[in-house]
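**Student:** I'd like to ask some things about the structure below.
The values are calculated or read from the model by the stated rules, or taken from the named source; none is laboratory data. Note that the structure is a prediction, hence the values are computed from the model and not measured. Here the Cβ positions follow ideal geometry from the backbone for every residue, glycine too, while neighbour counts run over all protein chains shown.
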Amino acid sequence: MTMELPKGYEPEDVEQRIYKLWEESGSFKADPASDAPPYAIVIPPPNVTGALHMGHALNNTIQDILIRYKRMDGFNTLWQPGTDHAGIATQNVVERQLAQENTDRHRIGREKFIERVWEWRKEYGGKIINQLKRLGCSCDWGRERFTMDQGLSKAVREVFVSLYEQGLVYRDDYITNWCPRCHTALADLEVEHRDVAGALHYVRYPLTDGSGSLTVATTRPETMLGDTAVAVNPEDERFKKFIGKEVRLPLTDRILPIIADEHVDPSFGTGALKITPAHDPNDFEIGLRHKLPSVKAFDQSGRMNENAGAYQGLDRFEARKRVIADLEAQGFLEKVEPYSHAVGHCYRCSTMIEPLQSLQWFVDVKPLAQKAIQAVRTGKTRIIPPTWEKVYYEWMENIRPWCVSRQIWWGHRIPAWYCDSCGKVIVSREDPEKCDCGGELRQETDVLDTWFSSGLWPFSTLGWPEETDFLKTFYPTSCLVTGFDILFFWVARMMMLGLWFRDEIPFSDVYIHALVRAEDGRKMSKSLGNVIDPLEVMDQYGTDAFRFTLAAFAAQGRDVKLSMKRIEGYRNFINKIWNSARFVLMNLEGVPEEVPEEYLSLADKWILSRLNSTAAQARETLDGYNFDRTASALYQFMWHEFCDWYIELAKPALYGKKGDKAQAAARWTVLTALKDSLKLLHPIIPFVTEEIWSRLPGAEGQIMMADYPKPDPVREDRESEQAMDLIQSVIVGIRNIRGEFNLPPTKPVKTIIFCPDRPTVGLLEANQSAIQDLAWVEEVKASLPGDKPKSAAAAVAGGVEIFIPLAGLIDLDQEAARLAKELDKVSGELAKVEKKLGNAGFLGKAPEDVVAKVKGQRQELSLKKEKLESNLTRVREMV
RNA sequence: GGGCGGAUAGCUCAGCUGGGAGAGCAUCGGCCUUACAAGCCGGGGGUCGCAGGUUCAAGCCCUGUUCCGCCCACCA
C-alpha cells in the first residue's frame with residue numbers, strides 16, 4: 001500500500017498523463033438529461049488566430065475553478081468551449097501570408113481566399129485549444145463550436161433577418177469610421193482614441209463680395225477640399241453680419257455658403273468652422289440639418305480623389321503637406337499653432353481612422369438596450385464587482401446605432417440581395433433565386449461584424465434556433481467570466497441579443513476580472529517587450545503553481561501585476577503539498593476506515609475542526625468570487641496548520657506502537673485531513689491533487705468527481721481549538737526563548753510551567769510529549785504556581801508562566817533586556833485598553849460584546865504585565 | 001470634457017458591513033530535527049498619500065487636496 005513518491009513534485013511527468021485520463025474517462029462531459037441542478041459557463045471564445053496569453057490564462061483559470069467546484073458540488077456542469085472567427089484579425093493574418101507569396105486576395109478572388117482562410121484555420125486554429133488543455137481546462141471538448149460553423153451561421157442569419165423584419169436592421173448612407181488599411185467600416189467601439197500632437201491651422205476664406213474674409217481653424221487642412229460650407233454660431237455678434245453671405249474656398253473655385261449652427265463654439269479657434277460633411281461626423285450632422293451637399297475628397301485607401309483637383313492621387317498625409325504649402329504660398333494661411341488632440345485609430349491595425357460617408361448596414365439597438373438595462377436594474381443579471389454596473393448603464397443609455405457591415409471577406413456574408421432591374425432589396429433566411437420581377441439578384445458583398453456572431457454565443461452554441469435539450473437545460477447560463485476590456489464589445493451585445501431573442505437573460509452572473517499586467521504595472525505588449533508567455537511559466541513552474549498564483553492575485557477590482565517571484569513561491573507550496581502527501585503515504589500502514597471518536601487525540605480533533613472551518617471559508621469565498629481569499633485560506637491551512645502543526649504533532653502517535661489506538665486515530669486523521677484538503681484545493685490546482693489522490697488508499701475514482709467538502713457542525717470543536725491554542729502558545733513561548741538566546745535544538749533544556757488552575761495543569765501534562773517534541777525540551781513540569789526557579793528565562797503565554805532554567809547558559813543582562821522589551825509592549829497595549837475603558841462614552845455607547853471583549857483584554861494584559869514585572873525584578877536582583 | 005480605480009512594512013499586495021495593523025517575498029539570527037534546504041524555528045520592520053470632519057471608536061464613513069493608472073467622449 002505504501003508507495004514512495006519522488007522527493008520533489010515533477011509537474012511535467014504528471015500533467016499530460018492526468019489530463020489524458022480526465023479526457024478519456026469523459027469526466028468533462030455535460031449531460032442534458034441529468035436531474036442535478038445545471039451550472040453552465042460559456043467560454044469567451046478566443047480568436048482562432050490567438051495564442052494563449054496571460055489574459056486567457058487568468059480568464060480560463062477562473063472559469064475552470066468555478067466549473068470544477070460546481071462539478072464536485074453536485075451540479076450538472078457544462079463548460080461550453082469554442083473559438084471565434086475574428087473577422088478582420090484573421091483576414092489580416094491570411095493576407096500577410098498571401099503577401100509573402102507575392103499575391104493578394106484580390107488576385108486570387110473571394111472564393112479562393114475564403115478557402116485559404118479555412119485551410120489556415122484547419123492548420124493553426126486548434127493551437128489555442130491545446131494550450132487551454134495544457135492549462136487544465138475541463139471544457140466539454142466534444143461540444144466545441146466555431147462562430148463560422150453551420151449551426152452558428154444559421155443562428156446569425158436568423159437573428160439578422162428577424163431584426164430586419166422588425167425594422168431594426170437598415171441600410172444607410174451615413175458617416176462611419178473607415179480604416180483605409182483594412183478597407184472596411186468599423187463600429188464606434190472599434191475605434192481607439194489616442195492623443196496625437198497635431199497643429200491647428202488658421203485658414204482665411206475670402207468673402208465673394210470682397211468685403212473681407214472669414215478665418216477658420218482646422219487640424220486637417222486637407223479636408224477643405226471637401227468643404228461645402230462655413231458655419232458660425234447664430235448668437236455670435238462678430239459673425240451675424242456674414243450669415244447668408246458666401247466665401248470662396250481657397251485652392252479651388254468652389255463657393256461656400258456661410259451658415260449659422262448651434263454646434264459651433266464661439267470660443268474655440270476663430271469661432272468659424274469649416275464644414276466637410278463627407279469626412280467629419282459633426283459636419284455630417286450639420287450638413288443634414290442644412291441640407292448641404294456632400295463632397296468626398298478621399299477614396300477608400302485614404303487617397304485624394306477626383307474631387308481634389310490637383311491633389312488627386314496623393315495620400316492624405318502627403319496632401320496635407322501640399323495643401324499647407326500652397327495655402328501659405330497663396331497667402332491664405334494665417335498661422336499654425338501646435339495642438340494636441342485625440343484621433344481615432346483602428347483597433348486592429350492602428351491606422352488612423354478616416355471618417356467617411358458610405359452605405360452601411362446598421363442595427364438600431366436602442367430597444368434592445370432597454371431590456372438589457374432592465375435586466376441588470378432588477379438584479380436578474382448581477383455584475384460582479386458592482387462598480388461595473390455604472391459603466392454598463394452609462395454605455396447602454398447612450399447607445400447609438402451599431403454599424404454591422406464590414407467590407408471584408410472573412411465572416412458571415414450579409415443575407416441581402418439587390419435586384420438591379422427593379423431596385424428591390426431582399427433579406428431572407430433562404431437564398432433567393434430570382435427577384436419577383438424576374439430580374440437577376442446580386443448578393444451583398446459585405447460581411448457582418450465579428451461581434452455580431454459572438455453576441456449570440458450563449459444560445460447559438462447550445463443549438464439555437466433549434467430547441468435542443470442543451471438549450472433547454474443550460475440556458476440561461478450561470479456565470480460569464482470576462483475581462484472589462486470586452487464589456488461593451490461582447491457582454492453588452494450578448495445581453496441585448498440574448499434578451500431579445502430568448503426573452504431571457506443569457507447569464508445570471510457576470511464576473512469581471514482584472515487585467516494581467518507586467519510586474520512594473522504596465523500593460524504587457526510586444527512592443528514593450530515585457531510579455532510573459534504563460535506556456536513558459538507552465539514549463540518552468542508547472543501548471544498548478546501558475547494557476548494558484550493567478551487565483552491568489554485575483555482580488556476583485558485590482559489589476560494583476562504578475563511577479564515571477566510569487567509564482568516561484570507557489571511552486572514551493574505545490575511541492576510542500578506533494579511532500580506532505582509523501583509523508584502521509586509513508587505512515588499509513590494499517591490505516592482504519594473509521595475510528596471511534598474517543599480514540600481521537602486533541603491534535604486530531606483540532607485539525608478536523610480547523611479543516612471544517614477551512615471548508616466553510618473555501619465555499620464562502622468561491623461563492624463570492626473572492627478567489628484570492630480562497631487561495632490564501634487554503635494556503636494558510638495546508639501549510640501552516642496541517643503541515644507545520646498537525647503533522648508535527650501527530651508524529652509521535654504515527655511512529656507509535658503498531659495497533660495502538662492513538663496510532664490508528666492519527667493515521668485515520670492525517671489521511672482524512674489530507675484527502676479533504678486535496679478536494680478543497682482541487683479546483684485551483686487540479687493536477688497535483690489528482691495525482692496524489694490516485695495514490696491514496698481508499699480514494700475511489702477521480703478527485704475531480706469527488707464531493708466538495710461540506711462544513712459539518714459535528715466536527716466544529718471550539719474546546720479543542722482553545723486547548724490547542726494554549727499548547728501552541730506554550731510551544732511558541734519556549735521556541736521564542738530558544739531563538740532569542742540562539743540555543744540550537746541540540747542543546748538540552750528543561751521547562752517548568754506555572755498554570756493558573758488544575759485543569760490547565762492536566763492539559764499540559766496530557767500534552768507533555770507534544771511540547772517536548774515541538775519545542776525541543778527534554779522535560780516539562782506543569783504545576784500550580786510555586787517557587788520560581790533560579791537563573792531561568794521566562795515567558796508569559798496564554799495565562800501560564802514558562803520558565804527555562806538556564807544556569808550558566810544565559811546572560812542575565814540579556815534576559816533582563818528581553819523581558820523589559822516584552823514588558824514595554826504589553827504595557828503599551830494595556831495603556832490603550834485602559835484608556836478606552838476609562839472613557840465614559842465608550843462604556844455608554846459601544847455595544848456590550850465589544851466592551852466585554854476589551855475588558856477581557858485588560859484582564860489578560862494586566863496579568864501578563866504583572867508576571868513580566870515580577871520576573872524582570874527577579875532577574876535584575878540576580879545580576 | 002465626463003466617469004472609475006489605486007496610494008497600507010524595503011517590494012507585491014490582503015484588510016468584506018468602522019471595534020486589538022496582516023500575508024508572501026526580501027532582510028537578520030539559529031537549524032542538514034529520518035515528508036520537504038523548493039525546507040524548519042525565531043526576530044526586526046508600518047504616524048495606513050496629505051489636510052480637515054463625523055463618531056465613544058476611522059486604514060475603513062464624509063469633504064477637500066496631491067500623485068499614479070484606466071475607461072468613455074463628434075469641440076473643429
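**Student:** Could you tell me which residue of segment A:507-527 is surrounded by the most Cβ atoms within 10 Å (Cβ to Cβ), considering only residues that are within 11 Å of RNA strand B (Cβ to nearest atom), of a type outside the set (Lys, Arg) and without any contact (Cβ under 8 Å) to a residue 60 or more places away in the chain?
**Tutor:** Across segment A:507-527, the extreme among qualifying residues is A:Ala518.
**Student:** Determine, yes or no, whether A:Leu608 is outside any helix (DSSP H, G or I) and over 30 Å from the mean Cα position of the chain (by Cα). Before the answer, list the steps.
**Tutor:** Values: outside any helix (DSSP H, G or I): no; over 30 Å from the mean Cα position of the chain (by Cα): yes.
No; evaluated as a whole, the condition is false for this residue.
**Student:** Please go through segment A:100-152 and give me each residue that is of a type in the set (Gly, Ala, Ser) and over 30 Å from A:Leu550 (Cβ atoms), ordered by number.
**Tutor:** A:Gly109, A:Gly151
**Student:** Does segment A:381-417 hold any residues that are closer than 30 Å to A:Ser428 by Cβ and either free of Cβ contacts under 8 Å to residues at least 12 places away in the same chain or of a type in the set (S, T, N, Q) (or both), and which are they?
**Tutor:** Within segment A:381-417, A:Ser405, A:Gln407 qualify.
**Student:** Give the residue that is farthest from RNA strand B (Cβ to nearest atom), with candidates limited to residues of segment A:620-657 that are of a type in the set (Phe, Trp, Tyr) and outside any helix (DSSP H, G or I).
**Tutor:** A:Tyr625
**Student:** In the set A:Leu726, A:Leu680, A:Leu674, which member is surrounded by 15 or more Cβ atoms within 10 Å (Cβ to Cβ), over 35 Å from the mean Cα position of the chain (by Cα) and assigned to a helix (DSSP H, G or I)?
**Tutor:** Of A:Leu726, A:Leu680, A:Leu674, the one residue that is surrounded by 15 or more Cβ atoms within 10 Å (Cβ to Cβ), over 35 Å from the mean Cα position of the chain (by Cα) and assigned to a helix (DSSP H, G or I) is A:Leu726.
**Student:** Are any residues in segment A:769-792 outside any loop (DSSP other than H, G, I, E, B), surrounded by 19 or more Cβ atoms within 10 Å (Cβ to Cβ) and modelled with pLDDT of 85 or more, and if so, which ones?
**Tutor:** Initial filter on segment A:769-792 (outside any loop (DSSP other than H, G, I, E, B)): A:769-775, A:779-783, A:792.
Of the ones still in play, those that are also surrounded by 19 or more Cβ atoms within 10 Å (Cβ to Cβ) are A:770-771, A:774-775, A:780, A:782, A:792.
Hits for segment A:769-792 are A:Ala770, A:Ile771, A:Leu774, A:Ala775, A:Val780, A:Ala782.
**Student:** Which residue out of A:Ala57, A:Ala89 is touching a strand residue (DSSP E or B) at 6+ places or on another chain (Cβ under 6 Å) and either in a helix (DSSP H, G or I) or within 16 Å of RNA strand B (Cβ to nearest atom) (or both)?
**Tutor:** A:Ala89
**Student:** Additional query: Given the conditions (1) in contact with a strand residue (DSSP E or B) (Cβ under 6 Å, 6 or more places away or on another chain); (2) buried (at least 22 other Cβ atoms within 10 Å of the Cβ), which single one is not true for A:Ala36?
**Tutor:** With respect to (1) in contact with a strand residue (DSSP E or B) (Cβ under 6 Å, 6 or more places away or on another chain); (2) buried (at least 22 other Cβ atoms within 10 Å of the Cβ), A:Ala36 is out only on (2).
**Student:** Moving to a separate point now. Restricting to segment A:275-294, what's the tally of residues that are in a loop (DSSP other than H, G, I, E, B), within 16 Å of RNA strand B (Cβ to nearest atom) and surrounded by fewer than 21 Cβ atoms within 10 Å (Cβ to Cβ)?
**Tutor:** Kept after step one, since they are in a loop (DSSP other than H, G, I, E, B), are these residues of segment A:275-294: A:276-280, A:291-294.
So of that shortlist, the ones also within 16 Å of RNA strand B (Cβ to nearest atom) come out as A:276-280, A:292.
From the residues that got through so far, the ones that are surrounded by fewer than 21 Cβ atoms within 10 Å (Cβ to Cβ) too are none.
Within segment A:275-294, residues that are in a loop (DSSP other than H, G, I, E, B), within 16 Å of RNA strand B (Cβ to nearest atom) and surrounded by fewer than 21 Cβ atoms within 10 Å (Cβ to Cβ) number 0.
**Student:** Could you tell me which residue of segment A:747-770 is nearest to A:Asp725 (Cα to Cα), considering only residues that are over 50 Å from the mean Cα position of the chain (by Cα) and within 16 Å of RNA strand B (Cβ to nearest atom)?
**Tutor:** Out of the qualifying residues, it is A:Thr751.
**Student:** In segment A:328-358, what count of residues is obtained for those that are of a type outside the set (S, T, N, Q), under 50 Å from the mean Cα position of the chain (by Cα) and surrounded by fewer than 14 Cβ atoms within 10 Å (Cβ to Cβ)? Steps first, please.
**Tutor:** Residues of segment A:328-358 of a type outside the set (S, T, N, Q): A:328-329, A:331-339, A:341-349, A:352-356.
With the extra rule that they be under 50 Å from the mean Cα position of the chain (by Cα), the set shrinks to A:335-339, A:341-349, A:352-356.
Subsequent filtering for residues that are surrounded by fewer than 14 Cβ atoms within 10 Å (Cβ to Cβ) retains A:335, A:337-338, A:341-342, A:349.
Number satisfying all stated conditions: 6.
**Student:** Turning to a different aspect of this structure: Exactly one of these conditions fails for A:Thr228: (1) closer than 30 Å to A:Arg406 by Cα; (2) under 45 Å from the mean Cα position of the chain (by Cα). Give me its number.
**Tutor:** (2)
**Student:** Can you run down the residue pairs with Cβ atoms below 7 Å, 6 or more apart or on separate chains, where the first is in segment A:558-571 and more than 15 Å from A:Tyr9 (Cα to Cα) and the partner is at pLDDT below 80 and within 6 Å of RNA strand B (Cβ to nearest atom)?
**Tutor:** Short answer, once both residue conditions are applied: none.
**Student:** Also, quick follow-up: Just need a number here: residues in segment A:771-793 that are of a type outside the set (S, T, N, Q) and away from RNA strand B (no atom under 16 Å from the Cβ).
**Tutor:** Qualifying residue count for the region: 12.
**Student:** Now for a different question. Which count do you get for residues in segment A:558-591 that are farther than 30 Å from A:Asn530 by Cα and near RNA strand B (Cβ under 7 Å from one of its atoms)? If you could, list the steps in order and put the result at the bottom.
**Tutor:** Looking only at segment A:558-591, we keep the residues that are farther than 30 Å from A:Asn530 by Cα, and these are A:576-591.
In the following step, the residues that additionally are near RNA strand B (Cβ under 7 Å from one of its atoms) were identified as A:576, A:579-580, A:582-583, A:586.
Qualifying residue count, segment A:558-591: 6.
**Student:** Is it true that A:Ala325 is within 22 Å of A:Arg248 (Cβ to Cβ), small (Gly, Ala, Ser) and exposed (fewer than 14 other Cβ atoms within 10 Å of the Cβ)?
**Tutor:** So A:Ala325 fits the description; yes.
**Student:** Determine, yes or no, whether A:Thr215 is within 13 Å of RNA strand B (Cβ to nearest atom), among the β-branched types (Val, Ile, Thr) and closer than 30 Å to A:Ser350 by Cα.
**Tutor:** Values: within 13 Å of RNA strand B (Cβ to nearest atom): yes; among the β-branched types (Val, Ile, Thr): yes; closer than 30 Å to A:Ser350 by Cα: no.
Here the answer is no, as A:Thr215 does not meet what is asked.
**Student:** Only residues that are among the hydrophobic types (A, V, I, L, M, F, W, C) and either at pLDDT 90 or above or under 10 Å from A:Leu251 (Cα atoms) (or both): list them for segment A:306-316, please. Don't jump to the end; show me each part of the working.
**Tutor:** Here is the first cut: in segment A:306-316, the ones among the hydrophobic types (A, V, I, L, M, F, W, C) are A:308, A:310, A:314.
Within segment A:306-316, A:Ala308, A:Ala310 qualify.
**Student:** Also: What are the residues in segment A:364-395 that are more than 22 Å from A:Leu622 (Cβ to Cβ), assigned to a loop (DSSP other than H, G, I, E, B) and within 16 Å of RNA strand B (Cβ to nearest atom), if any?
**Tutor:** A:Asp364, A:Val365
**Student:** If you don't mind, there's one more thing I want to ask. Can you tell me how many residues in segment A:122-146 are aromatic (Phe, Trp, Tyr) and part of a helix (DSSP H, G or I)?
**Tutor:** 2
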